[in-house]
Amino acid sequence: MISSLRIKSGLLVLAVSSALGVPFISNVAVAGVPEEPSIHSLSPDEVQSGALTVAQSASGVRYVAGGIGVEERAWLAAHASQFNTHITFAVVPGGAFVSDVHVGITNAKGDSILDTTAQGPKLLVELPSGSYQLTATHDGQTIRRSFAISSQGHAVLDIGFKH
């Protein structure tokens with residue numbers, strides 16, 4: 001039984017149930033899947049050309065959205081550690097990235113923490129510890145997710161809008 005399947009950085013990673021007696025399979029190359037850009041695959045000038053502007057919400061939360069083009073993806077990868085919440089927007093099935101997603105994040109009290117439109121498929125946010133509700137709207141479709149951030153933790157949310 002396959003317990004997980006994901007493609008990242010041009011690699012297919014399969015986690016196979018140990019009940020079958022099959023060992024874990026990892027790092028199997030997938031033909032035709034482009035390598036995700038990394039800060040190491042670009043020159044400093046290329047990375048700088050993809051520099052994104054970190055904004056601040058009315059409640060004081062830092063965030064940045066982008067990911068269109070290799071330079072922006074590399075910039076986001078290089079700065080991801082500065083943010084504890086990583087959100088990716090795509091269409092399912094298929095996984096094509098989407099942008100122009102309206103995003104609202106509220107805290108446990110219902111106070112608005114962030115209200116923005118992500119101009120790229122990735123949104124990085126630095127949130128204080130607490131419980132949150134994410135509302136993402138794209139092409140008339142709204143998805144809601146609850147998540148929490150601990151003092152040393154982070155959240156990774158993959159939001160999939162149906163075709």
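The values are calculated or read from the model by the stated rules, or taken from the named source; none is laboratory data. Just so we're clear, the structure is a prediction, and the values are computed from it rather than from any experiment. Cβ sites come from the backbone with ideal geometry, for glycine too, and all protein chains shown count toward neighbours.
Details
- Qualifying residue in segment 95-107 (condition: assigned by TED's automatic domain parsing to the domain that holds Leu52, over 19 Å from Phe161 (Cβ atoms) and out of contact with any Lys or Arg (no Cβ under 9 Å at 6 or more places or on another chain)): yes
- Meets criteria (of a type in the set (Asp, Glu), out of contact with any Lys or Arg (no Cβ under 9 Å at 6 or more places or on another chain), within 16 Å of Gly160 (Cα to Cα) and in the same structural domain as His154 (by TED's automatic domain parsing)) for Asp111: no
- Considering each residue of segment 80-100 in turn, none proves to be in a helix (DSSP H, G or I), modelled with pLDDT under 90 and either of a type in the set (A, V, I, L, M) or on the phi < 0 side of the Ramachandran plot (or both).
- Qualifying residue in segment 105-112 (condition: out of contact with any helix residue (DSSP H, G or I) (no Cβ under 8 Å at 6 or more places or on another chain), without any contact (Cβ under 8 Å) to a residue 40 or more places away in the chain, small (Gly, Ala, Ser) and not in a strand (DSSP E or B)): yes
- Filtered residues of segment 129-144 (kept if farther than 13 Å from Thr85 by Cα and in a strand (DSSP E or B)): Thr135, Ala136, Thr137, His138, Gln141, Thr142, Ile143, Arg144
- Test result for Glu71, charged (D, E, K, R), at pLDDT below 95 and crowded, with 19+ Cβ neighbours inside 10 Å: yes
- Test: residue in segment 121-138 that is at pLDDT 95 or above, within 16 Å of Leu52 (Cα to Cα) and surrounded by fewer than 21 Cβ atoms within 10 Å (Cβ to Cβ): yes
- Within segment 142-162, the set of residues being loosely packed, with under 14 Cβ neighbours inside 10 Å, in contact (Cβ under 8 Å) with a residue 12 or more places away in the chain, in contact with a strand residue (DSSP E or B) (Cβ under 6 Å, 6 or more places away or on another chain) and of a type outside the set (Ser, Thr, Tyr) comprises Ala148, Val156, Asp158.
- Search result, residues across segment 120-136 that are of a type outside the set (Gly, Ala, Ser) and under 16 Å from Phe161 (Cα atoms): Pro121, Lys122, Leu123, Leu134, Thr135
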